[in-house]
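What follows draws every value from the coordinates through simple rules; no lab data is involved. Everything numeric in this text was worked out from a predicted model, so none of it was measured. Counting neighbours? That spans all protein chains shown, and the Cβs are built from the backbone with ideal geometry, glycine included.
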Amino acid sequence: MKKIIILALAAIITLGANAQKASKGEQTVTIQTNGVCQKCADKFKENVPYFKGVKSYEYDMKTAKLTINYDSKKTSPDQLRQQISKLGYNADDVKADAAARAKLPACCRAEKSSGGCGGCAGHGSGHGCGNHGNGQGCGNHGNSQGCGNHGNSAKSTSSK
């Protein structure tokens, strides 16, 4: 009998916490970007947590998708897409701001290819670009050094 009461109490507390979250207007949106490398991930890390209303975000470098938890009373998915565009990246159907895109490093302006990151394909030396960090290969460099741009994700939480 005690176990049933404890389980019921735990369920009530959990439901109450979820209801409180919903009443605060917390929402999640996933936005497709055209980020290709670690420098892109770093740009998101330096900016997305500071967008108005953002609670936390996760960037999946492999798919170039940003998943953003935000306060719907302070921002909207469309406003978030506009802010990502101002960083120089496409955000779903919102095209990147051309002036901001032109200021990005060359590797960030490259198109993602099916065989690898796309941001390092121009290196003929086979040594990779050194911008990615974990040493996993993408197949674009002709040896095991590669660019290391696959399977990483950047996460951040903000206290806004």
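Before we move on, is Lys62 over 16 Å from Gly88 (Cα atoms), in contact (Cβ under 8 Å) with a residue 40 or more places away in the chain and surrounded by fewer than 22 Cβ atoms within 10 Å (Cβ to Cβ)? Judged against the criteria, Lys62 is a match.
For (1) touching a residue at least 40 places away in the same chain (Cβ under 8 Å); (2) of a type in the set (A, V, I, L, M); (3) more than 28 Å from Cys107 (Cβ to Cβ); (4) surrounded by fewer than 18 Cβ atoms within 10 Å (Cβ to Cβ), each residue gets a yes or a no:
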position	(1), (2), (3), (4)
Lys24	yes, no, yes, yes
Thr28	yes, no, yes, yes
Ile31	yes, yes, no, no
Asn34	yes, no, no, no
Phe44	yes, no, no, no
Tyr50	yes, no, no, yes
Gly53	yes, no, yes, no
Ser72	yes, no, yes, yes
Ala91	yes, yes, no, no
